[in-house]
C-alpha cells in the first residue's frame, strides 16, 4: 500500500490573475471567466500521485486560494502558516502582476513560510497576442528562488494539471525550512487594511477552525454587500455588529464586548 501524505499549499498573486479559475479547472475541470474577488481564503483539496524515490506516493494537496489584495497582509500571513509550498500566479497580459510576485508576494510569503518550494505560473497563456512579458522574464524570477515556472491557461487547461504535479514533486523532494518573524509598524490603515485586521481578529478569537470562520466572514460580507476593495465605515460597523451576534453562540458576553471594542479600534486607525 502506498503512503498517504497531506500537505497545504498556497495559491498567491494579485487580484484577477486567475487563481480561482486555475483551482476550479484543476479540481472540477470547469472554467468561468467571470471575476469574483476572494474574501479571505477558500480551501479545496485534490489527491494526486507523485513519484517518490521510485515509489508512488498518494499526496493530498490542501489548496488555499488566498485574497489578492495587498492591504490584507494580516489575513495573508495567517494563511501562510504551516504551508509546504506556493503557486505564485501572474497574468501575462498585465506586467505589474509579475512585478508584484517579485516585490511583494515572494518576500511576504517567505517571511512566514521560509524556504519552501515555489512554482511560478504565467497565466492566461491563451491570450498570446496580448502578452506583455515573455517566459524569459519569469525564468529570471524563478532562477533567483531556485524554482520552476510554467505558462498556464485556466481557459484551455494548458499546464494546469502539470502545475500542481510540479508543486507536489517539489514538496516531496523537500527543502529546509527556517523560522522567521514578522515586524509590525504602527501606521495609518486604509479601509481595506482595517477589514484585514477585523477578519484576522475574528478568525483568531472565534474558537472555530479557520475554514469555518472564513465561511462565516464570507456570508456576513455578502449579506451586507461589502466591497472588500473599498469598504465604507458604515459597512465595517455593520460587520462588527453582525460578527458579535455570531459570537454569542460560542463566546462569553465579556469576550464579545472586548472583541467589538478591539475591532472598532482598528477603524480609529484609518
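Taking the helices alone, the chain has a mean residue ellipticity at 222 nm of -13500 deg cm²/dmol, built from -39,500 (n - 2.57) per DSSP H run of at least 4 residues and averaged over all its residues.
Axis of helix 135-144 versus longest Cα principal axis of the chain: the two differ by about 70°, to the nearest ten degrees. Between the helical axis of 191-205 and the longest alpha-carbon principal axis of the chain there is an angle of about 90 degrees.
Computed over the chain with a Gaussian network model linking Cα atoms closer than 10 Å, the most mobile of 80, 53, 133 is 53.
Distance between the pseudo-spin-label points of residue 93 and residue 16 (7 Å out from Cα toward the beta carbon): 0.9 nm. Annotation: extensible slack from residue 188 through residue 47 equals 46.4 nm (criterion: 0.36 nm per residue apart, minus Cα-Cα distance). Picking from 85, 157, 13, which is most flexible by a Gaussian network model of the chain using Cα springs under 10 Å? Comparing 85, 157, 13 in the GNM, the peak value goes to 157. Note on the chain: GNM, Cα springs under 10 Å; of 12, 127, 217, the largest mean-square fluctuation is that of 127. Distance between the 7 Å Cα→Cβ label points at residue 132 and residue 233: 3.5 nm. Classify the stretch 47-168 as rounded, prolate or oblate, taking a ≥ b ≥ c as the square roots of the eigenvalues of its Cα gyration tensor: rounded when a/c is under 1.5, otherwise prolate if a/b is larger than b/c and oblate if not. Here the stretch 47-168 falls in the oblate category. Using just the C-alpha positions of the stretch 194-270 as equal point scatterers, what log10 of I(q)/I(0) does the Debye formula give at each q in 0.18 1/Å? Each listed q maps to, in turn, -0.66. Matching the structure-derived semi-axes √(5λ) of the Cα gyration tensor in Å against the labelled list (i) 28, 23, 19; (ii) 33, 21, 18; (iii) 36, 25, 14 gives the label (ii).
Once C-alpha pairs closer than 8 Å and six or more residues apart are averaged by separation and normalised to the residue number of the chain, the relative contact order reads 19 percent. Each of 256, 240 was scored by other Cβ atoms within 10 Å of its Cβ. Arranged with the fewest first, they read 256, 240.
The angle between the Cα long axis of helix 233-247 and the longest principal axis of the Cα atoms of the chain comes to about 90 degrees, rounded to the nearest 10. Modelled label positions at residue 255 and residue 219, each set 7 Å beyond Cα in the direction of Cβ, lie 1.9 nm from each other. Listed from fewest to most Cβ neighbours within 10 Å, the set 90, 79, 84 follows the order 84, 79, 90.
All of the numbers you see were taken from the coordinates with simple rules; none came from a lab. Keep in mind that what you see is a predicted model, and the values were worked out from it rather than measured. When we count neighbours, we look across all protein chains shown, and the Cβ atoms used for this are built from the backbone with ideal geometry, even at glycine.
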